[in-house]
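Below is one structure, written out as structure tokens; the observations come after it.
The values are calculated or read from the model by the stated rules, or taken from the named source; none is laboratory data. These figures come from a predicted structure and were not determined experimentally. All Cβ positions, glycine included, derive from the backbone under ideal geometry; neighbour counts span all protein chains shown. When the accessible area is computed, the model is the full protein with side chains, heavy atoms only, and any ligands, DNA or RNA have been set aside. Shrake-Rupley method; radii C 1.70, N 1.55, O 1.52, S 1.80 Å.
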Amino acid sequence: MDRRKFIKDSALASSLFFVPSFVKAFESVAAAQLGYKRLVIVQLAGGNDGLNTIIPHNNDIYYNARPRLAITKDIIKLNDDLGFHSSLLPLRALYDNGELSILNNVGYPNPVRSHFRSMDIWQTASDSDEYLQSGWLGRYLDAHGKKPYNAIEMDEQLSLAMKGEHFNGIATNDYKVLYRTAKDPYFKNVLNHYNDAHLSEHNLGYLYQTMIEAKSSAKYIYENTKVRLSQQEYPQNKFAKQLKNVAQFINSGLETKVFYTSLGGFDTHANQQNKQARLLKQYAESVSAFVKDLKQNGTFNDTLILTFSEFGRRVKQNAANGTDHGAANNVFIIGKNLKKAGFYNSLASLSDLDTNGDLKYEIDFRSVYATVLSKWMNVSTEGIINSKQKTLNFI
């Protein structure tokens with residue numbers, strides 16, 4: 001039972017609030033004890049160019065490799081070697097406050113440069129030559145989830161990352177539409193025709209059980225979210241709308257531990273500069289508003305935000321003023337009281353590239369996942385991350 005329902009429904013609570021010692025004790029309870037840790041995933045789909053996101057502004061190799069594409073103006077210099085793209089200005093406050101950790105050179109052995117395959121690898125936490133049918137967050141739900149709404153993706157379709165072997169999250173880009181759909185007469189009519197015998201059948205039982213859980217989840221999300229609509233001003237774009245909905249879910253106290261969001265368009269083979277600048281601006285402004293929203297509602301301390309892209313881009317620009325598919329990239333971790341904020345590690349050498357002209361990976365992305373699971377979600381990685389990965393020290 002959450003605090004609002006406790007106060008509303010309990011006569012005992014009503015009387016105890018007249019006792020000063022009870023009020024003092026109640027207020028002293030740590031926020032972490034009233035809630036639980038939440039993870040928000042942000043996927044930059046298409047392969048964001050990490051070198052023009054975190055810029056090696058003091059490196060001649062970078063400028064020589066990108067005579068027309070290298071960023072030369074308005075770089076937000078964070079140290080003697082690296083700086084933000086100017087579109088990331090809204091994140092500067094998070095960096096200065098110790099609420100942003102930047103992991104460079106994140107990837108995996110024998111990298112794949114296909115969007116679909118590399119995304120599958122990141123979403124399933126597989127090896128490059130291993131094909132898994134369940135996602136790492138789906139397997140987390142298998143072990144630790146109770147309801148589909150324990151993991152919500154802000155989209156119409158559920159990513160592989162959120163599909164478990166026995167349990168899936170729920171996908172919705174508008175919880176009100178989801179609720180209305182679940183109340184549709186046809187939907188209700190189909191459910192009226194199931195019985196216990198149907199539920200024991202493999203395929204039909206799975207279908208009915210999924211529909212039952214979807215209807216229950218839609219009702220739960222709708223009824224618990226409508227009382228805590230966001231008051232924070234967000235940018236006017238689809239990605240910001242996703243984060244605004246996530247903030248409403250978090251601030252409403254939904255029993256959701258994982259949220260999945262995405263911003264697409266980063267496959268910048270041609271005319272990259274303006275396109276990437278616009279997308280990074282959307283990302284930074286939306287995330288900044290999201291963090292402000294959580295802070296205003298006292299929920300930021302229990303929220304961790306992980307931003308990734310399926311691969312980086314080639315160090316050398318192409319003839320179309322863009323970049324081709326690369327390998328290692330940067331990952332952003334945003335949260336309160338990070339153990340190692342700022343730059344977690346240095347950028348890989350630009351003079352020692354792999355055979356395709358890409359940055360060599362240093363950190364296996366599954367180590368990032370293992371760290372989040374063990375140090376943030378406080379669960380074992382067994383059965384979720386197949387490879388034995390060492391945890392990192394950003395949390």
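Modelled label positions at Phe116 and Tyr36, each set 7 Å beyond Cα in the direction of Cβ, lie 3.6 nm from each other. Here the Karplus curve 6.51 cos²θ - 1.76 cosθ + 1.60, taken at θ = phi - 60°, turns the phi angles of the stretch 152-159 into couplings of 10, 9, 7, 7, 7, 10, 8, 6 Hz, with x standing for Gly and Pro. Shown is the FRET efficiency for Asn337 and His166, computed with R0 = 41 Å from the Cβ-Cβ distance and rounded to the nearest 0.05: 0.75.
Derived value for the stretch 243-395: Kirkwood hydrodynamic radius 17.6 Å. Basis is the mean of 1/r over every pair of different alpha-carbon atoms. Of the residues Tyr149, Tyr131, ranked by 1.4 Å probe accessible area with the largest first, the sequence reads Tyr131, Tyr149. Using θ = phi - 60° in the Karplus curve 6.51 cos²θ - 1.76 cosθ + 1.60, the 3J(HN,Hα) couplings for the stretch 271-285 round to 6, 5, 3, 5, 5, 5, 4, 5, 5, 5, 5, 4, 4, 5, 5 Hz; x is entered for Gly and Pro. Backbone amide hydrogens, once placed in the peptide plane, bring Arg313 within less than 5 Å of Gly50, Leu51, Gly326, Ala327, excluding anything fewer than 5 places away on its chain. Extension gain for Asp127 to Ser387 (0.36 nm times residue separation, less C-alpha to C-alpha distance): 92.8 nm.
Extending 7 Å from Cα along the Cβ direction at Glu233 and again at Leu350 yields two label points whose distance is 3.8 nm.
If the segment from Asn274 to Asp174 were pulled out straight at 0.36 nm per residue, it would be longer than the present Cα-Cα gap by 33.0 nm.
Taking amide H atoms as placed 1.01 Å from N in the peptide plane, the amide H of Val40 lies under 5 Å from those of Phe259, Leu304, Ile305, Leu306, each 5 or more residues away in sequence or on another chain.
Work out the FRET efficiency for Ala45 and Asp81 from their Cβ-Cβ distance, taking R0 = 25 Å, and round it to the nearest 0.05. Computed FRET efficiency for Ala45 and Asp81: 0.30.
Here's how it looks for Gly342: its modeled amide H is under 5 Å from those of Leu100, Ser101, Ile102, which are all 5 or more places away or on a different chain.
The length gained on full extension between Ala93 and Gln296, counted as 0.36 nm times the residue separation minus their Cα-Cα distance, comes to 71.5 nm. Take the Cα of Lys219, go 7 Å toward its beta carbon, and the backbone nitrogen atoms of the stretch 128-162 under 16 Å from that spot belong to 147-149.
Computed 3J(HN,Hα) for the stretch 58-75, one whole-Hz value per residue from the Karplus formula 6.51 cos²θ - 1.76 cosθ + 1.60 where θ = phi - 60°, is 10, 10, 5, 4, 4, 5, 5, 6, 9, x, 10, 9, 4, 7, 10, 10, 6, 5, glycine and proline marked x.
Computed from label points 7 Å out along Cα-Cβ, the spacing between Glu255 and Asp155 is 2.7 nm.
Legend: calculated FRET efficiency, Val379 to Asn318, from the Cβ-Cβ distance at R0 = 56 Å, rounded to 0.05, equals 0.85.
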